[in-house]
Amino acid sequence: MKLRKAVIPVAGLGTRFLPATKTVPKELLPIVDIPSIQYVVQEAVDAGIEEIIFVTGRGKDGIEDHFDEAPELEQLLTERGNHEMVKTLRMIAEMTEVVSVRQKKPLGLGHAVLCAKDLVGDEPFAVMLADDLIEAEVPGIRQLIKIFEETSESVVALMEVPESEVHQYGIIKGREIKKRLYQVEATVEKPLAKDAPSRMAIIGRYVLRPEIFKILQDLPPGRGGEIQLTDGLSQLVRERKIFGCEFVGERYDIGDKFGFVRATVAYALKRADLRDKVLEYLKSIPN
Ligand code: G1P
């Protein structure tokens, strides 16, 4: 079955980026000159996904507006002869179908995914967290979809993390059945290092079977008093297989300030118009 839809939760308040996020959704903060959410949507589109479902909250309308048409702006730019930017704006508006649903209360990632239940329907779907940017030759979510196409089972993205960081992630217990492919046996949300079953962390890309909705509906709050997607997975794995894909690519955690700066530098270095200047500047910084 073709995977057509991706759920992207964007209701989070972005408190780690205050005061910038007082009025601007954190997903619209730019990495160079592109709002970070656009990189995530582009990854979905490049992977063949046809519909994006944003799970939004109050003050987040700008995210949908970003993917809408901007006729007044286009007209102004046309009059000024900036046809390149008109093309860029058209490309963004035509990238993909966008729909949205509100998560009225911040009850956790599992709850955010549950909010998309009616828009997803009874079919497998992707979940993509906007705090994780993945730069890869084969789009991150595409690497998971490939495993889903072969197995018809749910798949999570995995990355080995240092012991000092396991408490920040959903961690799996599992075994490697093929190079970079894991069979997940259990999942635990943000364990203490001493209790963690491994150092294989779930990164914000998932392909999920629709059975997850029934599980999330009945799930009690977990860590932090929130409905955790990781807890839902730990139940799903008792009913059906879940695979883990240790994806190939570079991941940037832009929910973290240093990760955001790292992504900014890395993406600037990929730009022909900026690369030399940025490199020269970095080399010139005294240490
Ligand atoms: C969320 C998930 C966690 C996952 C992480 C990946 O946590 O709850 O299981 O490992 O994303 O980035 P958050 O970073 O939103 O606290």
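Take Ile171 and tell me if it is touching an Asp or Glu at 6+ places or on another chain (Cβ under 9 Å), within 14 Å of the ligand (Cβ to nearest atom) and farther than 16 Å from Phe247 by Cβ.
On the way: touching an Asp or Glu at 6+ places or on another chain (Cβ under 9 Å): yes; within 14 Å of the ligand (Cβ to nearest atom): yes; farther than 16 Å from Phe247 by Cβ: yes.
So Ile171 passes the test.
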Is it true that Lys146 is modelled with pLDDT of 95 or more and in contact with a Cys (Cβ under 9 Å, 6 or more places away or on another chain)? yes
Which of the following residues is modelled with pLDDT of 95 or more and near the ligand (Cβ under 10 Å from one of its atoms): Tyr182, Tyr206, Tyr252? Tyr206
The stretch 106-134, residues that are surrounded by fewer than 22 Cβ atoms within 10 Å (Cβ to Cβ), away from the ligand (no atom under 16 Å from the Cβ) and not aliphatic (A, V, I, L, M): Lys117, Asp118, Gly121, Asp122, Glu123
So if I check each of Lys194, Lys257, which one is exposed (fewer than 14 other Cβ atoms within 10 Å of the Cβ), of a type in the set (Lys, Arg) and within 16 Å of the ligand (Cβ to nearest atom)? Lys257
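Yes or no: the stretch 88-109 includes at least one residue that is without any contact (Cβ under 8 Å) to a residue 40 or more places away in the chain and touching a Ser or Thr at 6+ places or on another chain (Cβ under 7 Å). Can you show your working first?
Going through the stretch 88-109, the residues without any contact (Cβ under 8 Å) to a residue 40 or more places away in the chain turn out to be 88-91, 93-94, 105.
Those left that are additionally touching a Ser or Thr at 6+ places or on another chain (Cβ under 7 Å): none.
Looking through the stretch 88-109, none of the residues is without any contact (Cβ under 8 Å) to a residue 40 or more places away in the chain and touching a Ser or Thr at 6+ places or on another chain (Cβ under 7 Å).
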Condition broken by Gly224, with the remaining ones in (1) in contact with a strand residue (DSSP E or B) (Cβ under 8 Å, 6 or more places away or on another chain); (2) within 10 Å of the ligand (Cβ to nearest atom); (3) assigned to a helix (DSSP H, G or I) satisfied: (1)
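The values are calculated or read from the model by the stated rules, or taken from the named source; none is laboratory data. As the structure is a prediction and not an experimental result, all values here were calculated from the model. Note that each Cβ is placed from the backbone with ideal geometry, even for glycine, and that neighbours are counted across all protein chains shown.
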